[in-house]
Amino acid sequence: MKYLVLMSGGVDSAVAAFMLLRDGADVAGIHMLPGNDASAPPGSCWGEGASESAEHAAAAAEGLGIPLTVLDVSSSFREHVLEAAGRMYSAGLTPNPCALCNRHVKLGSLIETARASGQVFDRVATGHYARTALSSAGRSLLFAGADRGKDQSYFLSLLPQARLNLLDLPLGSLSKREVRKIAEDAGLSRLVMKRESQDFAAGGAFAALVRDRTPAPGPIVDFEGRVLGEHRGAMLFTVGQRSGLGLGGLREPMYVLEIDMPGNRVVVGPAERLMCGGLRAGGMNWIALENPSGSFRAAVRIRSRHTPASCTVSVSEGGDEIEVSFDVPQPAVTPGQIAAIYDGDAVLGAGTITGGVSSKGR
């Protein structure tokens, strides 16, 4: 079995490659260059730090004795991640750029470019903390990782069957501590980056996405329309945000409830008004379910660190949209984020949140 392992320069992907080699697989590494933008924030994956990641990936591959190919995917990354996320922010949405990258670039154009360049492989592997399997009907399934604190199934939930069909995740049944121990014993720890991968929006990456989009100032209003202050651009805020509002002298903390882009308003209110009884989502990517219809019981995760909440899911005719009714209202349902549907550890499907259904009449 010939594996192509996506090597980031970090410990997780290096250990994934090591485990496959240990099991007797034929392994080659591939590293993607999403960009080398000098104006990108420090630490961002498409900035000048990208060359450091490539060096660590090369060192890990050499230590493992496997070939490594480095491919420039900056054009695809800019189109499918930077520009797409920027458009979403400008529409008042809060995207998940890492999920966009996994679907369109890391497990999309990178794999296609590798094949086009003559790479021959049967399977693809990454260092994500999640699990895959094949159903009795031949459908590729996705499950949460055994290490709940590191589980990355949420970020992979937009992968279509064509991508999941190729994907193996060697770390899915391991904890981060176990992975570090394997790396130490194999002599890999000294070859890879010591820091964890940054969240895409950390270190000013969010600001970089909207720097070419001129935000217009406008009013900050409460849920009854009373003006409380002024913002520098509605696209700069996200639902649930408390800091940076510049609202002093109020009796209670205020949180962003809604980004009203047509009215260029940021709507705020007290914490209890963040609670939503449900949500709507579209662009559904079904994984365990092939042609769902009607309603069913499940649990939905509305952001990466959110504990899946028990709910009833109602599927539209055609299956492209869902409406979710939570058993217990959930805070800060954020348009643009992913709604991932779980049945236990299994990911049933996922889509993009288009709106919340408020429990307080928002």
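Please identify, among Val324, Val81, Val70, the residue showing maximal mean-square fluctuation in a Gaussian network model of the chain using a 10 angstrom Cα cutoff.
Comparing Val324, Val81, Val70 in a Gaussian network model of the chain, the most mobile one is Val70.
Quick one: the Cα spread of the range 209-282 along its three principal axes, in angstroms, biggest first?
38, 35, 20
What three numbers, in Å, describe the spread of the alpha carbons of the range 275-358 along their principal axes, ordered from the longest?
The Cα atoms of the range 275-358 stretch 31, 24, 20 Å along the principal axes, largest first.
In nm, to one decimal, how far is the modelled label at Glu112 from the one at Glu290, with both set 7 Å along Cα→Cβ?
Label-label distance for Glu112 and Glu290, simple model: 2.6 nm.
Quote the relative contact order of the chain in percent (integer), defining contacts as alpha-carbon pairs under 8 Å separated by 6+ residues. Could you put the intermediate results ahead of the total?
Details: 831 pairs, mean separation 58.0, N = 362.
Relative contact order here is 16 percent.
Gap in Å between the Cα centre of the range 45-113 and the Cα centre of the range 223-251?
Their Cα centres are 34 Å away from one another.
May I ask what percent, to the nearest 5, of DSSP beta bridges between residues of the chain are antiparallel? Write out the running numbers ahead of the final one.
Working: 51 of 70 bridges.
Roughly 75 percent of the beta bridges in the chain run antiparallel, per DSSP.
Expressed as an acute angle from 0 to 90° and rounded to the nearest 10, what is the orientation of the C-alpha long axis of helix 176-186 relative to the principal long axis of the chain?
20
Read phi for every residue in the range 256-273 and hand back ³J(HN,Hα) as whole Hz from Karplus 6.51 cos²θ - 1.76 cosθ + 1.60, θ = phi - 60°, with x for Gly and Pro.
Result, rounded to whole Hz: 6, 9, 7, 9, 9, 5, x, x, 6, 10, 10, 9, 10, x, x, 4, 5, 7.
What value in Å³ per residue do you get for the convex hull of the alpha-carbon atoms in the range 212-362? If you can, show how the numbers build up before the last one.
Working: hull volume 19.5 nm³, N = 151.
In the range 212-362, the Cα convex hull volume per residue is 129 Å³.
Rg and Dmax of the range 1-137 over Cα atoms: what are they, in angstrom?
15.7, 49
Return the equivalent ellipsoid semi-axes of the chain as a descending list in whole Å, where each equals the square root of 5 times an eigenvalue of the C-alpha gyration tensor. Kindly include the intermediate steps, with their values, before the conclusion.
Working: eigenvalues 274, 124, 62 Å².
The equivalent ellipsoid of the chain has semi-axes of 37, 25, 18 Å.
May I ask you to list the chymotrypsin sites (Phe, Trp or Tyr not before Pro) in the range 281-356 that are in a DSSP loop and have at most 16 other Cβ atoms within 10 Å of their Cβ? Show your work: numbers first, answer last.
Values: sites: Trp286, Phe296, Phe326, Tyr342; in loops: none.
Taking the range 281-356 and a limit of 16 other Cβ atoms within 10 Å, no loop chymotrypsin sites (Phe, Trp or Tyr not before Pro) are found.
Trypsin sites (Lys or Arg not before Pro), restricted to the range 123-165: which are DSSP loop and have at most 13 other Cβ atoms within 10 Å?
Those that pass, being in a loop and sparsely packed, are Arg148.
Quick note: the coordinates plus some simple rules give every number you see, no bench work behind them. For clarity, every value in this text was computed on a predicted model and none was experimentally measured. Cβ sites come from the backbone with ideal geometry, for glycine too, and all protein chains shown count toward neighbours.
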